[in-house]
Amino acid sequence: MGYSNLEDYFGDIVGKAMVGRGVSSHALAEQSGLSVFDIGRVTSYDLIPEEAMIHKIADTLGLDGKKLTRVANGWVPEGGNDRFQSERVNVDRVILSAGMEVNAYVMKCLETGEGALIDAGGQPDRISALIEQTGARITHILLTHGHADHVGATAEMKSRTGAKVCCSELDAQMFGGPVDVRVDDGWADRIGSLEVNALSLPGHTAGGIAYATEGVCFPGDALFAASLGGARREAYTGQIEAVRQKVMSLPSDTKIFPGHGPITTVRQENDNNPVIG
């Protein structure tokens, strides 16, 4: 099972930017030259305007017009469903049904066989099947944020694996599940011979965390291919800035494993994500 489309379509990106920037349909219509009715058609996936109008929409919403046009024309990241393996680490994915399609990942240290489960949104039997397939000994369950579609099976997976659950203090309070280690920006721990570092990406949730190690990064819903998880006003702009500083500054070939949608890379997001500029 894989993805053939982005998590967020053109209309989603526009709609999230309107909410994030606090721009009404009337204001966007006035600035872009489209009618309020047509703005509604954009956000309901019924209209993709001509390129000049896309650029006006982008300018009003703080988006990159060229990149937004590319998304409107059907851009998807290369390798969006590829399994990742390097000399020291591999990453496998299962797409779960947890009210919506959501990703869970198993990252394995190839030197020791120890591994981490990143997010556990539901369907524990399917997660367990992925763990068995990889042969990883799960020592950590790394939660990117506290929304139910990412944490729903946490207690069950902790029971099955004996792994310690890691989550930010703020998001641990959201779901009341079993959390053994409170993490924040700069936290680090070893999974086998891999040093995993936490990067704080608040916005979509107050305690959103990305986990990064050698050539891979798991940003949860703070970053999708060509988009990001929704947020409002200061949280929205703060999330964009945190992603720019902490994720987009990683080596360009770093693989990005988002909470929803296809896998991407730092290079592809720098080149194509209209939200981060």
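For (1) modelled with pLDDT under 95; (2) touching a Ser or Thr at 6+ places or on another chain (Cβ under 7 Å); (3) under 19 Å from G259 (Cβ atoms); (4) not assigned by TED's automatic domain parsing to the domain that holds G261, each residue gets a yes or a no:
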position: V42; (1), (2), (3), (4): no, no, no, yes
position: G62; (1), (2), (3), (4): no, no, no, yes
position: G113; (1), (2), (3), (4): no, no, no, no
position: D119; (1), (2), (3), (4): no, yes, yes, no
position: A129; (1), (2), (3), (4): no, no, no, no
position: Q133; (1), (2), (3), (4): no, no, no, no
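Tell me which residues, restricted to the stretch 135-145, are crowded, with 24+ Cβ neighbours inside 10 Å and either under 20 Å from P258 (Cβ atoms) or of a type in the set (G, A, S) (or both).
The answer is A136, I141, L142, L143, T144, H145.
Looking at the stretch 9-18 only, could you name the residues that are of a type outside the set (D, E) and part of a helix (DSSP H, G or I)?
Scanning the stretch 9-18 gives F10, G11, I13, V14, G15, K16, A17, M18.
Being polar (S, T, N, Q) and assigned to a helix (DSSP H, G or I) is the filter here, so list the residues in the stretch 30-57 that pass it.
Once the filter is applied, which keeps residues that are polar (S, T, N, Q) and assigned to a helix (DSSP H, G or I), the stretch 30-57 yields Q31, S32, T43.
Return only the number of the condition from (1) in contact with a Leu (Cβ under 6 Å, 6 or more places away or on another chain); (2) assigned to a loop (DSSP other than H, G, I, E, B) that L6 does not satisfy.
All conditions pass for L6, except number (1).
Taking S168 as the residue in question, decide whether it is assigned by TED's automatic domain parsing to the domain that holds Q239, buried (at least 23 other Cβ atoms within 10 Å of the Cβ) and among the small types (G, A, S).
For S168, the condition - assigned by TED's automatic domain parsing to the domain that holds Q239, buried (at least 23 other Cβ atoms within 10 Å of the Cβ) and among the small types (G, A, S) - is met.
Which of the residues spanning the stretch 199-212 are assigned to a strand (DSSP E or B) and surrounded by fewer than 21 Cβ atoms within 10 Å (Cβ to Cβ)?
S200, A212
If the requirement is being in a helix (DSSP H, G or I), in contact with a helix residue (DSSP H, G or I) (Cβ under 6 Å, 6 or more places away or on another chain), at pLDDT 95 or above and farther than 18 Å from G113 by Cβ, which of these qualifies: E156, E241?
Exactly one of E156, E241 is in a helix (DSSP H, G or I), in contact with a helix residue (DSSP H, G or I) (Cβ under 6 Å, 6 or more places away or on another chain), at pLDDT 95 or above and farther than 18 Å from G113 by Cβ, namely E156.
Which one is surrounded by the most Cβ atoms within 10 Å (Cβ to Cβ), of the residues in the stretch 35-82 that are on the phi > 0 side of the Ramachandran plot and touching a residue at least 24 places away in the same chain (Cβ under 8 Å)?
Here the answer is G62.
Failed condition for V196, given (1) buried (at least 21 other Cβ atoms within 10 Å of the Cβ); (2) aliphatic (A, V, I, L, M); (3) within 15 Å of the chain's Cα centre (by Cα), with all others met?
(3)
Of the conditions (1) over 16 Å from the mean Cα position of the chain (by Cα); (2) β-branched (V, I, T); (3) within 30 Å of G22 (Cα to Cα), V179 clears all except one; give me its number.
The failed condition is (3).
Determine, yes or no, whether G22 is in the same structural domain as E214 (by TED's automatic domain parsing) and of a type outside the set (A, V, I, L, M).
Answer is no for this residue.
If I filter the stretch 214-230 for residues that are assigned to a strand (DSSP E or B) and touching a Cys at 6+ places or on another chain (Cβ under 9 Å), do I get at least one hit?
No, every residue in the stretch 214-230 fails to be assigned to a strand (DSSP E or B) and touching a Cys at 6+ places or on another chain (Cβ under 9 Å).
Among the residues of the stretch 212-231, is any in the same structural domain as V247 (by TED's automatic domain parsing), farther than 30 Å from G65 by Cβ and modelled with pLDDT under 95?
no
Please pick out the residue among R182, R267 that is at pLDDT 95 or above, closer than 20 Å to V165 by Cβ and basic (K, R).
R182
The values are calculated or read from the model by the stated rules, or taken from the named source; none is laboratory data. It should be emphasised that the depicted structure is a prediction, and the values quoted were computed from it without experimental measurement. Note that we place each Cβ from the backbone using ideal geometry, even for glycine, and neighbour counts take in every protein chain shown.
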